[in-house]
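Engineer: Dropping the structure in here first, questions after.
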Amino acid sequence: MTIEEGLIQRYFDAFNQHDIEGVMACFHEHPVIVDGTGKRLEGRDVVRRHYETGFDLFPDGRCDLRLCTGNGGRGVAESLFRGTRTQFGKVVEALGAEVMEIADGKIKEILQRIVGSAMIYLNSHSSDWRNEATRPYLDRYIRGSGGVEAMDRVKLLKLLWDAVGTEFGGRHELYERNYSGDSETVLVQTALIYEGLGGTAPLKAFVDQCMSEYDVDGWKMPGFFDGDDLTITQTG
């Protein structure tokens, strides 16, 4: 289980217990969410009121997590919500999907994408600096630009690796991002391979299917919940 998947699981566990503190602990210091109506909610106070209102409207409401995946600072979850709107005695069921971005993971992604192998293309031990045979090569080939000395550059890059790297597959993750050059080239090559193998047609068909299931009037598929009875303002 990745860090992102663990966070998603903790969020749903807290939601199902109506633990508002647990739910808020899963959010960034400056959270942003978009609700089912497309309304953008920003700030901890606003997001907290949003969940408190939902818990009041559906005292028995819960989301059964059907699947989730996450990595690289992003996550996707599919869940089935079921709850009773006590004011009307109406049981509501809705299948929903959530797309999440883990904001604190962004710096890790930027470093892996921009700095790349520079964080590990370094001498392995401090004793190398005292080795008369290797020191000239280190000073010449690992120095930085703008007059930055090799030792200062190595210390900085090792600090970055300590901050975002791990010995449990961290080097391999870095390789996957940059094995064919810059990250954009890797993405283009992946797309071309999918195109050549005929893999893009099913993906495009899936997108078309998703886009055809709703329009400006709401869901066109049975079993989906538009949230009309939850709107505060009504149209004339």
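Engineer: Val148: farther than 24 Å from Gln17 by Cα, modelled with pLDDT of 85 or more, not aromatic (Phe, Trp, Tyr) and not in a helix (DSSP H, G or I), yes or no? Step through it out loud before you land on a result.
Structural biologist: Working: farther than 24 Å from Gln17 by Cα: yes; modelled with pLDDT of 85 or more: yes; not aromatic (Phe, Trp, Tyr): yes; not in a helix (DSSP H, G or I): yes.
For Val148, the condition - farther than 24 Å from Gln17 by Cα, modelled with pLDDT of 85 or more, not aromatic (Phe, Trp, Tyr) and not in a helix (DSSP H, G or I) - is met.
Per-residue answers, yes or no, for (1) touching a residue at least 60 places away in the same chain (Cβ under 8 Å); (2) out of contact with any strand residue (DSSP E or B) (no Cβ under 6 Å at 6 or more places or on another chain); (3) under 19 Å from Ser117 (Cβ atoms):
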{"site": "Lys155", "(1), (2), (3)": "no, yes, yes"}
{"site": "Leu159", "(1), (2), (3)": "no, yes, yes"}
{"site": "Ala163", "(1), (2), (3)": "no, yes, yes"}
{"site": "Glu173", "(1), (2), (3)": "yes, yes, yes"}
{"site": "Glu176", "(1), (2), (3)": "no, yes, yes"}
{"site": "Glu184", "(1), (2), (3)": "no, yes, yes"}
{"site": "Ala191", "(1), (2), (3)": "no, yes, no"}
{"site": "Leu197", "(1), (2), (3)": "no, yes, no"}
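Engineer: Quick check: anything in the stretch 214-226 of a type in the set (Phe, Trp, Tyr), more than 30 Å from Thr84 (Cβ to Cβ) and assigned to a loop (DSSP other than H, G, I, E, B)?
Structural biologist: Step one: of the stretch 214-226, the residues of a type in the set (Phe, Trp, Tyr) are 214, 219, 224-225.
Going one step further and asking which of them are more than 30 Å from Thr84 (Cβ to Cβ), we end up with none.
No, the stretch 214-226 contains no residue that is of a type in the set (Phe, Trp, Tyr), more than 30 Å from Thr84 (Cβ to Cβ) and assigned to a loop (DSSP other than H, G, I, E, B).
Engineer: OK, next. Go through the stretch 2-54 and give me each residue that's surrounded by 17 or more Cβ atoms within 10 Å (Cβ to Cβ) and acidic (Asp, Glu).
Structural biologist: Glu4, the sole residue that qualifies.
Engineer: Pull out all pairs, ordered by first then second residue, where Cβ-Cβ is under 9 Å, the residues are six or more apart or on different chains, the first lies in the stretch 48-67 and is not assigned by TED's automatic domain parsing to the domain that holds Val92, and the second is polar (S, T, N, Q) and in a strand (DSSP E or B).
Structural biologist: Final answer for the pair search is none.
Engineer: Collect the residues in the stretch 119-158 that are among the hydrophobic types (A, V, I, L, M, F, W, C) and closer than 28 Å to Leu187 by Cα, keeping them in residue-number order. Spell out how you get there, then give the answer.
Structural biologist: First pass over the stretch 119-158, keeping only residues among the hydrophobic types (A, V, I, L, M, F, W, C): 119-120, 122, 129, 133, 138, 142, 148, 150-151, 154, 156-157.
Within the stretch 119-158, Met119, Ile120, Leu122, Leu157 meet the criteria.
Engineer: Can we say Ile114 is surrounded by 12 or more Cβ atoms within 10 Å (Cβ to Cβ), hydrophobic (A, V, I, L, M, F, W, C) and at pLDDT below 90? I'd like the intermediate steps shown before the answer.
Structural biologist: Working: surrounded by 12 or more Cβ atoms within 10 Å (Cβ to Cβ): no; hydrophobic (A, V, I, L, M, F, W, C): yes; at pLDDT below 90: yes.
So Ile114 fails the test.
Engineer: Ala201 - would you say it is small (Gly, Ala, Ser) and in contact with a Lys or Arg (Cβ under 9 Å, 6 or more places away or on another chain)?
Structural biologist: On the way: small (Gly, Ala, Ser): yes; in contact with a Lys or Arg (Cβ under 9 Å, 6 or more places away or on another chain): no.
Considered against the rule, which asks whether it is small (Gly, Ala, Ser) and in contact with a Lys or Arg (Cβ under 9 Å, 6 or more places away or on another chain), Ala201 comes out as no.
Engineer: Something else: Regarding the stretch 203-213, can at least one residue be identified that is loosely packed, with under 10 Cβ neighbours inside 10 Å, more than 25 Å from Gly144 (Cα to Cα), touching a residue at least 60 places away in the same chain (Cβ under 8 Å) and not polar (S, T, N, Q)?
Structural biologist: No, that holds for no residue.
Engineer: I would also like to ask the following. Which members of the stretch 73-105 meet the condition of being farther than 15 Å from Ile33 by Cβ, in a loop (DSSP other than H, G, I, E, B) and either touching a residue at least 40 places away in the same chain (Cβ under 8 Å) or not assigned by TED's automatic domain parsing to the domain that holds Phe27 (or both)?
Structural biologist: Those that are farther than 15 Å from Ile33 by Cβ, in a loop (DSSP other than H, G, I, E, B) and either touching a residue at least 40 places away in the same chain (Cβ under 8 Å) or not assigned by TED's automatic domain parsing to the domain that holds Phe27 (or both): Gly73, Phe88.
The values are calculated or read from the model by the stated rules, or taken from the named source; none is laboratory data. Just so it is clear, the structure is predicted and the values come from calculations on it, not from any experiment. Every residue, glycine as well, gets a Cβ built from its backbone with ideal geometry; the counts of neighbours run over all protein chains shown.
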